[in-house]
Amino acid sequence: MQKENLAGNRNWWRWSAAVGLVRMPPAMAALALAFAGVHVTGSYGIGAALAASYALGEAVSAPWRGRSLDNCAPRTGIARMTWALLGSAATLSTLAWAVWDKWPVEWLFALTAVAAILPSGLLGGFRAMLTGLLDPVRLRVAFSWDAAILEAEWFLAPLVVSLILVAGQPALALAAMAGCALAGAVMTRRLTGATPEDTPPPATTSPGAEEARRAWGSRAAWPTYLTSLNLGLAEGGLIAVLPALLLSLGTSSTIAGVFAAAISAGSFLGGMTLAALANRLIGNASIQADIALVLMGLFLLPAIALSSAPWLVGPLVVGGLFIAPVNALRSQALESALPMQSRSEGFSIQYAAHGLGVALGSFLVAILVSTNPQTALAAILLVPITLAVVSLTIRRPGKRGALAAVD
């Protein structure tokens, strides 16, 4: 078996099954909560605000939760992750009942925040766990494949939500999110067999670890955090604006999941392409991620001027090609920038930055959508493009170029 082949690695499959289930609720949240708000209040703005609250709850608490995983032994961390997922499943179930029964909107916001906070930081912990399960060559390929798998989930999640919405009840989508969290808890617990016996926490395994583990202070890591913020801003706003945008184009808003799936389909193809080239690219992965982000925004921009919903598919698929590469390259860059003892916190900060971007994008839509969905779409694309260009200008890539490759 070649060293780069993941197919025969049992740890990879166990990890992928667990993280795949854990990522489904966040992937379903934006559309599910947007339509939950519409169902209870009749307002697209409230729906976008609920989606933003979920993303913001994750973003605010993820770094702290990630640090707590760095500060405990591996099996203790798995136990904490399992209980967090069980709590999230219970909260999402309660939220589903609240939407079904049309509780006051204040309860919806409160339950949404709790459902987001409980499992926050777990995806950073999963990503840090992967760095300890695979050798460096396999790890680079794994990051690329995982980015493609992530996009496959983002392809599946909105389709699932759309199919559920055909039944006319967003509460069922929230119940499905609860089911995924519960199954994720079961699979996470099974990862105990893939981790070593309890050892000293990663944050205490090297001299000077107290300073080194402070992922906030790493200058090398900050570009990946900013890239994550930019990507989240574009993704969150794009998903949040789709229902109102489709309505303005004379199409039912309930099929927004189909168009969201088009974005993820393109991203899945982009992720598979990057996986095939993962060990052929050279240069600064963080700079490559920003270049891919700029290209994503530029290819999505034509969607602003379209007057017919079916024509949206083209820009969404082509722009989506770059999302998985951005995800993979930012993870690769962060893995190189941080020592092992700070990676759970670092990946959690990266995830939090993405969540903060999603929240900002959703709030921007909530403010602008009642005026003009096309204006909201323009804003959520032009802002991250501008920030990425500024980031690239400041860092000034070397003469060899950020996208150099070897045969």
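The values are calculated or read from the model by the stated rules, or taken from the named source; none is laboratory data. It should be emphasised that the depicted structure is a prediction, and the values quoted were computed from it without experimental measurement. Here the Cβ is made from the backbone with ideal geometry for all residues, glycine too, and neighbour counts use every protein chain on show.
Can you pull out every residue in segment 318-331 that is within 15 Å of the chain's Cα centre (by Cα) and of a type outside the set (S, T, Y)?
Those that are within 15 Å of the chain's Cα centre (by Cα) and of a type outside the set (S, T, Y): G320, F322, I323, A324, P325, V326, N327, A328, L329, R330.
Does segment 302-311 include one or more residues that are out of contact with any Cys (no Cβ under 8 Å at 6 or more places or on another chain), within 29 Å of I394 (Cβ to Cβ) and touching a residue at least 60 places away in the same chain (Cβ under 8 Å)?
Yes, segment 302-311 contains a residue that is out of contact with any Cys (no Cβ under 8 Å at 6 or more places or on another chain), within 29 Å of I394 (Cβ to Cβ) and touching a residue at least 60 places away in the same chain (Cβ under 8 Å).
Picking from S331, S362, S307, S348, which residue would you name as being surrounded by fewer than 20 Cβ atoms within 10 Å (Cβ to Cβ) and small (G, A, S)?
Going through S331, S362, S307, S348 in turn, the sole match is S307.
Within segment 6-21, which residues are closer than 13 Å to R190 by Cβ, aliphatic (A, V, I, L, M) and surrounded by fewer than 24 Cβ atoms within 10 Å (Cβ to Cβ)?
Within segment 6-21, A17, L21 qualify.
Give the residues of segment 246-267 that are of a type in the set (A, V, I, L, M, F, W, C) and either part of a helix (DSSP H, G or I) or free of Cβ contacts under 8 Å to residues at least 60 places away in the same chain (or both), sorted by residue number. Please lay out each step first, then the result.
Keep residues of segment 246-267 that are of a type in the set (A, V, I, L, M, F, W, C), which gives 246-247, 249, 255-256, 258-263, 265.
Result: L246, L247, I255, A256, V258, F259, A260, A261, A262, I263, A265.
Pairs under 6 Å by beta carbon, first residue at negative phi in segment 351-370, partner part of a helix (DSSP H, G or I) and among the polar types (S, T, N, Q), six or more apart or different chains?
So the pair list comes out as A353/S228; H354/S228; L368/T375.
Identify, from the list L293, L321, L298, the residue that is under 19 Å from L381 (Cα atoms) and out of contact with any Phe, Trp or Tyr (no Cβ under 9 Å at 6 or more places or on another chain). Even if it seems obvious, please write down each step before you answer.
Details: L293 fails: out of contact with any Phe, Trp or Tyr (no Cβ under 9 Å at 6 or more places or on another chain); L321 fails: out of contact with any Phe, Trp or Tyr (no Cβ under 9 Å at 6 or more places or on another chain).
From the options L293, L321, L298, the qualifying one is L298.
I'd like the residue in segment 334-345 that is assigned to a helix (DSSP H, G or I) and not charged (D, E, K, R) and, out of all such residues, is surrounded by the fewest Cβ atoms within 10 Å (Cβ to Cβ).
S336
Taking only segment 306-330 into account, find how many residues are of a type in the set (G, A, S) and under 15 Å from S228 (Cα atoms).
Qualifying residue count for the region: 2.
Residues being of a type in the set (V, I, T), at pLDDT 80 or above and surrounded by fewer than 16 Cβ atoms within 10 Å (Cβ to Cβ): count how many of those fall in segment 376-403.
4
Checking the structure you have, find out if any residue of segment 156-177 is closer than 13 Å to L21 by Cβ and modelled with pLDDT of 90 or more.
Yes: one or more hits.
Please state which one of L334, L356, L377 is more than 15 Å from L130 (Cα to Cα) and within 17 Å of the chain's Cα centre (by Cα).
The conditions single out L356.
Each row is one residue, and each column tells you yes or no for (1) of a type in the set (D, E, K, R); (2) in a helix (DSSP H, G or I); (3) at pLDDT 65 or above.
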position: D198; (1), (2), (3): yes, no, no
position: P207; (1), (2), (3): no, no, no
position: W216; (1), (2), (3): no, yes, yes
position: T227; (1), (2), (3): no, yes, yes
position: G232; (1), (2), (3): no, yes, yes
position: A240; (1), (2), (3): no, yes, yes
position: A244; (1), (2), (3): no, yes, yes
